[in-house]
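K.L.:
Sharing a structure below in structure tokens format, with a few things to ask.
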Amino acid sequence: MIDMTTEFGSRVARRLEKELVIWLTTLDSHLTPQPRPVWFVWDGESFLIYSEPGTHKLAHIQRHARVSLNLNSDEEGNDIVVFSGEARIAGHEPPADQVPAYVDKYREGIKGLDMTAEQFAGSFSVPLRVRPTSLRGY
């Protein structure tokens with residue numbers, strides 16, 4: 001998906017490793033975009049995101065699988081990264097506390113929620129997979 005040989009591709013890959021938040025935009029029942037910040041891990045092909053059960057984003061994804069994922073821009077509005085893709089509830093994925101890359105990335109954030117990794121996995125128990133179909137930005 002990301003051509004690592006380009007300057008843009010290598011910048012995107014670096015940001016996906018270090019960024020803690022990506023904006024997931026779903027479509028509600030009126031087809032109104034609903035952006036929300038989420039934690040994620042990128043495995044080189046797709047995004048893994050965990051959600052609490054019963055959220056609006058899950059209902060949106062069940063109705064409309066098309067989503068976008070955006071990284072924040074820099075202070076001047078540059079360094080734009082926008083993925084479009086298909087999201088699905090991925091029940092076969094392990095709980096968050098059993099995904100080393102996720103636990104390593106969000107260890108401090110989970111502590112900041114006054115939770116253990118196991119408690120976090122119990123609360124954010126619905127795994128989502130987003131497979132990007134396009135990438136744009138500059």
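The values are calculated or read from the model by the stated rules, or taken from the named source; none is laboratory data. This is a predicted model, so every value here is computed, not measured. Here the Cβ is made from the backbone with ideal geometry for all residues, glycine too, and neighbour counts use every protein chain on show.
K.L.:
Report, by residue number, each residue of the stretch 1-26 that is assigned to a loop (DSSP other than H, G, I, E, B) and in contact (Cβ under 8 Å) with a residue 60 or more places away in the chain.
P.N.:
Answer for the stretch 1-26, where residues must be assigned to a loop (DSSP other than H, G, I, E, B) and in contact (Cβ under 8 Å) with a residue 60 or more places away in the chain: M1, I2, L20.
K.L.:
Pick from D97, D79: which is of a type in the set (D, E, K, R), over 13 Å from the mean Cα position of the chain (by Cα), under 29 Å from T6 (Cα atoms) and surrounded by 14 or more Cβ atoms within 10 Å (Cβ to Cβ)?
P.N.:
Exactly one of D97, D79 is of a type in the set (D, E, K, R), over 13 Å from the mean Cα position of the chain (by Cα), under 29 Å from T6 (Cα atoms) and surrounded by 14 or more Cβ atoms within 10 Å (Cβ to Cβ), namely D79.
K.L.:
Another question, then. Those residues that are in a helix (DSSP H, G or I), in contact with a strand residue (DSSP E or B) (Cβ under 7 Å, 6 or more places away or on another chain) and within 28 Å of L27 (Cβ to Cβ), I need them from the stretch 73-126; list them, please.
P.N.:
A96, Y102, K105
K.L.:
As an exercise: evaluate V99 against (1) among the β-branched types (V, I, T); (2) within 20 Å of T133 (Cβ to Cβ); (3) touching a residue at least 40 places away in the same chain (Cβ under 8 Å) and give the number of the one condition it does not meet.
P.N.:
For V99, the failing item is (2).
K.L.:
Identify, by number, the condition in (1) in contact (Cβ under 8 Å) with a residue 40 or more places away in the chain; (2) at positive phi; (3) not polar (S, T, N, Q) that D114 doesn't meet.
P.N.:
Single failed check for D114: (1).
K.L.:
Checking the structure you have, find out if any residue of the stretch 28-36 is out of contact with any Asp or Glu (no Cβ under 7 Å at 6 or more places or on another chain), free of Cβ contacts under 8 Å to residues at least 40 places away in the same chain, closer than 21 Å to F124 by Cα and buried (at least 20 other Cβ atoms within 10 Å of the Cβ).
P.N.:
No: zero hits.
K.L.:
Separate question: Based on this model, can you work out whether G44 counts as more than 10 Å from the chain's Cα centre (by Cα) and part of a helix (DSSP H, G or I)?
P.N.:
no
K.L.:
Same structure again: Can you tell me which of (1) crowded, with 16+ Cβ neighbours inside 10 Å; (2) at pLDDT below 95 is the one I49 doesn't meet?
P.N.:
(2)
K.L.:
Could we say that I61 is surrounded by 15 or more Cβ atoms within 10 Å (Cβ to Cβ), in a helix (DSSP H, G or I) and of a type in the set (V, I, T) here? Walk me through how you get there before you give the answer.
P.N.:
On the way: surrounded by 15 or more Cβ atoms within 10 Å (Cβ to Cβ): yes; in a helix (DSSP H, G or I): yes; of a type in the set (V, I, T): yes.
Judged against the criteria, I61 is a match.
K.L.:
Going by the structure shown, is E86 surrounded by fewer than 16 Cβ atoms within 10 Å (Cβ to Cβ) and within 16 Å of the chain's Cα centre (by Cα)?
P.N.:
When the stated conditions are applied, E86 passes them.
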